[in-house]
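Data block below; observations after.
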Amino acid sequence: MLAWTTISYGAALSAVAGLVFVFLLGRERRPGTLMAVAVGAFAGPFAWNAVLRAVDAPQFFVDAPLPVFPVSWQDTGSGVFAFAVLALVLGMGPLRSAPAQRVILLAGLGSIAALVVDVFLY
């Protein structure tokens, strides 16, 4: 089971990666939006891994037999939770008057970053 330090470390890496993806691929430059991305990309994976720790669910940590992309249910959950939190934080926060396409694009980029971090970095 993941320790709290590992959960926090992974969430912090997800926040940084989310910022990089949104800055470079989403071409977002507004500080408020970037701050919301960092918060959402941190909070989603942190919450998911906290749930897994609370219920002691080791079966979620089994990697798929794909050498190039060994994703697990735990990794997938981090991406899903990141997407949900990012969509809420961005859509109800700094992008509330933006087109939904923009909100979903940035939430998607941040959640893909969280998934990739989870699969390969912790």
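Key figures for this structure:
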| quantity | calculated |
| --- | --- |
| Folded to 0 to 90 degrees: helix 100-121 orientation relative to the chain principal axis, Cα | 30 |
| Alpha-carbon spread of the chain, three principal axes, descending order, Å | 41, 30, 21 |
| Angle in degrees between helix 73-92 and the longest Cα principal axis of the chain, rounded to the nearest 10 | 20 |
| Principal-axis tilt of helix 31-55 within the chain, Cα atoms, nearest 10 degrees | 20 |
| Cα centre as origin, Lys/Arg/Asp/Glu Cβ charges: the chain dipole, Debye | 540 |
| Positive minus negative residues near Asp118 (Lys, Arg vs Asp, Glu; Cβ under 12 Å) | -2 |
| Cα Rg, Dmax (largest Cα-Cα span) when computed across segment 25-88, Å | 14.1, 40 |
| Rg(Cα)/(2.2 N^0.38 Å) for segment 3-45, N = residue count | 1.16 |
| Residue list for segment 56-74, given a label point 7 angstrom along the Cα-to-Cβ vector of Met1 and an amide N cut-off under 17 Å | 56-62, 74 |
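Laboratory data are not the source of any read-out in this text; all were calculated from the coordinates shown. None of the values given here were measured: they were computed from a predicted structure. In this analysis, Cβ positions are derived from the backbone assuming ideal geometry, glycine residues included, and neighbour counts consider all displayed protein chains.
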